[in-house]
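> Right, I'll just put the structure down here and ask away after.
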Amino acid sequence: MSNPFSKLLRFSRIEMNLKLIILTGGLTLLLATAVKCWYKCREQKFCDQLRNRTASNFMLKLSSKLSRSLIGKLVNKDTNKHFDFFLTALAGGKFSIYINDPINPRRQVNDSLSDMPVETDMVVNVNPLDVGELVLVEFEDIKINLFTDPFNLTVHRDGKAVIKVNSGQLLTFEEDPGTAIALDFAFPQALRAYGLPEHADNLALKTTTTKGSEPYRLYNIDRYGYEVHSTQALYGSIPVLFGPGVQISAGIFWLNSAQTFVDITNNEDGVDSYFMSESGALEAYILTGPTLRDCVKQYANLTGVAPLPPMFSLGHHQSRYSYMSQQEILDVCNKFDANKFPLDVIWMDIDYTNKKMYFTWDPKSFPNPDSMLNSLNRQGRKAVAIIDPHIKRERGYFVFEECESKGYFVKNPNGTSYRASCWPGLSSWIDFLNPEALTYYSTLISDFTKRKNLHIWNDMNEPSIFEVKEQAMDGNCVHYEGWRHRDVHNQYGFYQTIGTYQGLMERGNNKLRPFILTRSFFCWISKICGSLDWGQCSFMGTSEDFHTYDIDRGPMCSYLDLELTLGALLTTLMKNCFKDGIRLVLGTPFFRAHSDTKTKRREPYLFDNKVQIVIRKALQQRYKHLVYWYTLFWEHYSTGEPVVRSLSYQYPTDINTLDIDNEFLIGNDILVHPITDESSTNVTVYLPGGKLEIWYNIDCFNNTYRGVGLYTFPVTLDTVPVFYRGGSIIPTKQTTRSTSVYMKTDPITLLVFLDKNNNASGNIYDDDQVSFDYLKSKYTYVKFIFKNNTLYNEIINNDASYGQETIINCINIYGMNSTIRQAQIATNRDNGQKQSEQNIFQNMFVRDVALQNNAIVIDKLHLDIRYEFEIKFMENISE
């Protein structure tokens, strides 16, 4: 298959992104369906049996010791059944365990690792024991004690046990007729358990092993009206678990695409976990830390980081189920402009199609889509169209005819095309695991989106099936190469998104970064969509469920209770209220306003003037910070660091942060505490970092606070506690325009917030914001440092070059000596190289500074950050 992912597709393996975010005036209500019944562990035979099983009886017989792997046979001593066993050392503090049946091989997950993991050498020593052997494995600074009979192992780092595998003897590899697998992992140093997205629960996972409790379920499902504070499955599944501790953290990546349940037990001496999957091979990656940051990066190294999203994707998106005509779409955009609300993207739900047949346009309401898209393009805007995986079974519909005749649909066990009900009525589902069907689908995408400002929303792709108990496809359905749907379920939407990505890339000759939003997701989805090798660029969406205050007030909540939204956001990255959620516009990676056709219209210009002022202020705040967001996404691509972080991620030694998920950090430097109760008149905020850390209130930079714990702040409709960290330099653009496109060349204002030592630093990244030229080092990436009353910049990568200037016009410094009166500015525009100390001031001029609201301000600078400069602040020129 000739496509940009041919290399990646040969091997197995966030709304980070996340539609899990805020809606400005948006409310998502899917009232067409009632709350469904959902399967619990005890209703699933495999889970019920595994959860109530006795200890297993496995022994490992080693057959060879290679330089980078242990190979052997894992023997069930009760049945004498032999399974292939591999333990492989991987670079960067990771190793893998792989178990499969050599006679009837189980499905190994394909395409969900970013590439072949890099192996590393290990040293193996075997010490005979009275029963079995003790195998000592060492690589890097990791030591593994592996006991062969009964089989179990303990991983040590820095002299401490960081993770134990099969210490509870719960390893299971079912033999016919069952196909379930299970394994237990213990984190003796962990104080909490994080991970297992996606669930409507808190960041710190609860104990699920008490009487009546349910394990966390990973099973992509259309979960309208789901419960909060729940272990129930939702729309996406990423089977990674972290055990954070103050000194040592570790993690497990359980690579399996079948339905999976995970039990968590929080103990005084660590955290125990038990993974149970319905089918598949057993493939687990052990992440040894030693810090939570290290574990997250180790996971990202396996599954890939996001490439840079196009800038427009970070702006404001407006959606409705549905805008019913192309004229309505243009009218909405014009009213955004007339009322001075920025908007980058307008969305089209299913009603743009001809009778719910995807890749078509309704001939009456969308008679000339090219004209509509051209008009949007002239406004600097993009459009997003929904494409679901169900295909209407209607003769004469070219997609149905082609897929039916060529056998591209998922099959029933008897070989006929699977058919069931969804939005178009009787439908069939494309088998995206079939390479030929995937190529056909990607061609449909490419042809449909030939206008390059049209992008794609993959919805209902869990896949969602109407009129069945869980709205899920029958597990006995058959996919390409004979795999049952139960084997591949959690990857189904993932493969659709691969096809969507390939199609969008082909339409742009691999030059333009596409945008995709997918509701269903699995690990590595970020490589092709979203904010993670958001290829380019897609976001992973959460549900379109809702939680409201009062439907007639205007200010609304959607998705799930905001507190749990934040927990889900933080979990996915390592959600709505209009009145409250609008105050989180700054703090979310992806911002889409969405409403249902049966609700009141929620476009911001429809509210009264008082509310409009609040919305406009919040949107302007977001747009001012787009360059900061864009820089963070570049740094994620470069380093694997999450864009949005929990406090415990950034302050791992502060035990008080472990359970905080009602506030979060954007990068290192902006702390956000959303309001989750509409009646709140004040809120208690935890500021971390200790007495030496300074936090500046975004509403009044003169108000500073030390990072010593809890503070109470008053809140109103248009305020939310947001703080800049002392020691940070934040790039902003103070002029907000109708779209991010028209802000591209606007000058930057640097906000400098000094720490206790009067120092600060921060970065700016810039490129063309739309293409893949950044992969050819066509960008500008600059570090700014304030020290000894001097601000200067350093080019981070001198081999990179971007042909367009990036201008700083104004600098505001907070926390500085108010007696400063002048600035001596030296530039080195001629050659772009740092001049020697003796002639650094060759190109020099002196400017007066202003004192505005206790800030030192210097403007009208027109400094191009591609060239180094220094600005020395002083009381008078005689200094």
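> Can you give the Rg/Rh ratio of region 43-303, where Rg is from the C-alpha atoms and Rh is the Kirkwood radius?
When Rh is taken as the Kirkwood radius, the ratio is 0.94.
> Distance between the C-alpha centers of region 371-397 and region 256-300? Whole Å please.
40 Å
> If you don't mind, another one. Using 0.36 nm times the number of residues separating Asn759 and Ser818, minus their current alpha carbon distance, what extension gain do you get?
19.7 nm
> Rounded if a/c is under 1.5, else prolate if a/b is larger than b/c, else oblate: which is the chain, with a ≥ b ≥ c the root eigenvalues of its Cα gyration tensor?
Verdict is oblate for the chain.
> Rg over Rh of region 752-794, using C-alpha atoms and the Kirkwood radius, what does it come to?
1.18
> What number, in percent, do you get for the relative contact order of region 43-303 if the mean sequence gap of Cα pairs under 8 Å and at least 6 apart is divided by its residue count?
It comes to 19 percent, rounded to a whole number.
> Give, in nm to one decimal, the length gained when the segment between Thr653 and Lys617 is fully stretched (0.36 nm per residue of separation minus the Cα-Cα distance).
That pair, Thr653 and Lys617, stretches by 9.3 nm at full extension.
> Let me ask something else about it. Tell me, what does the Kirkwood hydrodynamic radius of region 340-452 come to in angstroms if you use every pair of distinct C-alpha atoms?
Averaging 1/r across every pair of different Cα atoms and inverting gives 15.5 Å.
> First check a/c for region 120-261, with a ≥ b ≥ c the square roots of the eigenvalues of its C-alpha gyration tensor; if it is under 1.5, answer rounded, and if not, answer prolate when a/b is larger than b/c or oblate otherwise.
prolate
> List the lysines whose Cα sits under 23 Å from the Cα of Lys81, skipping any in the same chain fewer than 8 residues away.
Result set, ordered by chain and number: Lys45, Lys61, Lys65, Lys73.
> Which of Leu60, Leu606 comes first, and how do the rest follow, when ranked by fewest Cβ neighbours within 10 Å?
Lowest count first: Leu606, Leu60.
> Need the list of aspartates and glutamates near Lys860 for cross-linking: C-alpha distance under 18 angstrom, and skip anything on the same chain fewer than eight residues off.
Answer for Lys860, where 18 Å is the Cα cut-off: Asp746, Glu805, Asp848, Glu868, Glu870, listed by chain and number.
> Right, here's the next one. Which entries of Lys392/Lys598; Lys511/Lys624; Lys411/Lys469; Lys411/Lys598 show an alpha-carbon separation above 30 angstrom in the structure shown?
Lys411/Lys598
> A further question on this structure: Let me know the shape class of region 52-201, please: from the alpha-carbon gyration tensor, a ≥ b ≥ c as square roots of the eigenvalues, rounded when a/c is under 1.5, otherwise prolate if a/b is greater than b/c, or oblate.
Rounded shape, in that the Cα axes give a/c under 1.5.
> Now, a different point. Using the Kirkwood radius over C-alpha pairs as Rh, can you work out the diffusion coefficient of region 400-445 via Stokes-Einstein at 20 °C, viscosity 1.002 mPa s, in µm² per second?
In µm²/s, the coefficient is 196.
> With 10 angstrom as the radius, rank Ser257, Ser417, Ser319 by how many other C-beta atoms surround their C-beta, starting from the fewest.
Ser417, Ser319, Ser257
> Calculate the length of the line joining the C-alpha centroid of region 188-248 to that of region 767-824, in whole Å.
Region 188-248 and region 767-824 have Cα centres spaced 41 Å from each other.
> Report the label-to-label distance for Lys335 and Leu775 in nanometres (one decimal), using points 7 Å from each Cα along the Cα→Cβ vector.
Calculated label separation equals 4.1 nm.
> In Å³ and rounded to a whole number, note down the convex hull volume per residue for the Cα atoms of region 637-728.
111 Å³
> Report, in debye and to the nearest 20, how large the dipole of region 43-303 comes out about its Cα centre when Lys and Arg carry +1 and Asp and Glu carry -1 on their Cβ.
180 debye
> Separation between the Ile807 and Asn609 pseudo-spin-labels, each 7 Å from Cα along Cα→Cβ, expressed in nm?
So the label points at Ile807 and Asn609 sit 3.5 nm apart.
> With Cβ to Cβ distances under 14 Å as the rule, what net charge do the other residues near Ile694 carry (K, R +1; D, E -1)?
With Lys, Arg at +1 and Asp, Glu at -1, the net is +1.
> Now for a separate question. What pairs in Lys40/Lys206; Lys335/Lys356; Lys94/Lys164 have C-alpha atoms more than 19 Å from each other?
Where the Cα-Cα span goes over 19 Å, the pairs concerned are Lys335/Lys356.
> What ranking of Ser64, Ser646 emerges when the number of other C-beta atoms within 10 Å of each C-beta is taken as an exposure proxy, fewest first?
Ranked by crowding around the Cβ, least crowded first: Ser64, Ser646.
> Can you tell me the dipole magnitude for the chain around its Cα centre, using point charges on the Cβ only (Lys, Arg +1; Asp, Glu -1), in Debye to the nearest 20?
1320 debye
> Sticking with this structure for a sec: In whole Å, what are the extents of region 728-874 along the principal axes defined by its C-alpha atoms, from largest to smallest?
Its Cα atoms span 46, 41, 27 Å along the three principal axes.
Coordinate-derived values only; no laboratory data. In this text, all values refer to a predicted model and were calculated from it rather than measured experimentally. A quick note on method: Cβ atoms are made from the backbone with ideal geometry, for glycine too, and the neighbour counts reach across all protein chains shown.
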